[in-house]
Amino acid sequence: MSLLTEETCAVILDFRLPPEFHAPADGVNETIVSVKVFNSQSPVNIKDWHRAAIFDAGWKFDFPHHYGDVGVRYQVNVQILHDQIPLLIEQDYFVTVNNTPHRQTLHLSPIGFLYVEAQEAEIVAPEEAVTISLHEAESPEVELVSVKQDEQSVSGFYLKYDPDSVIPGKRYALTGIENRYHQRLLISPEQVELAPAVPSTRALSFQKLMQWLEKPLRLFTDAGAKIR
């Protein structure tokens, strides 16, 4: 599906999801994309995009590039929500644009699927070349999952893990070891929070109260807005 809004776009992003991901058919769905200039003292907002839908296949997204003859690093944040519950691992993606037009593929990570990229090893065995392990950042011995990848697939793949084994709010890390010479590889992301911290009961009650108080105020202050 294409979400391009202009005939000629300076920056086009191709968002990818694993084939196993399927958008929920019921409930309230929402997709939010935010783009900001990152290499400035105060981030500059470029585009905020909202849709009351979830796309479970590859989809394209564009945003304007207003800078000429200079490299710009953009910070891209994508949220996919179902009944206000996030379906993606919270991550920021960075896109460096030196020349336009610019096209780039970004692999999104739904809960239970972490997209992993590893530095290519120069000398590796043809099969089971690298071992990738996902573990607690502060306790490497506490491992969620470990897989062996060959030389070709280790450069980018989805690592599947059990979301029920994840502790909300805890940070997890990735380690890559080349099996033949036992050399460490650079793995991305280095650390990630696989599940958001669970808000306290008091915080949830306060949030619900504020949402309830906001509704009647909208009738008088924002009559033209759509009340959900």
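Quick note: the coordinates plus some simple rules give every number you see, no bench work behind them. Here the structure is a predicted model, which is why all the values come from computation and not from measurement. Neighbour counts run over all protein chains shown; Cβ positions are idealised from the backbone, glycine included.
Points worth noting:
- Per-pair calculated FRET efficiency, R0 = 30 Å: GLU20 and ASN179 via Cβ, rounded to 0.05: 0.65
- Using the Karplus relation 6.51 cos²θ - 1.76 cosθ + 1.60 with θ = phi - 60°, the per-residue 3J(HN,Hα) values for the stretch 180-188 come to 6, 10, 6, 8, 6, 10, 6, 10, 10 Hz, with x marking Gly and Pro.
- Each label point was placed 7 Å from the Cα along the Cα-to-Cβ direction; for GLN104 and GLU143 their separation is 3.3 nm.
- Distances between placed amide hydrogens fall under 5 Å for ARG171 paired with ALA137, all partners being 5 or more residues away or on another chain.
- The local environment of HIS82, defined by Cβ-Cβ distances under 14 Å, has a net charge of -3 under the rule Lys, Arg +1 and Asp, Glu -1.
- Shape of the stretch 11-107, Cα gyration tensor, a/c cut at 1.5: prolate
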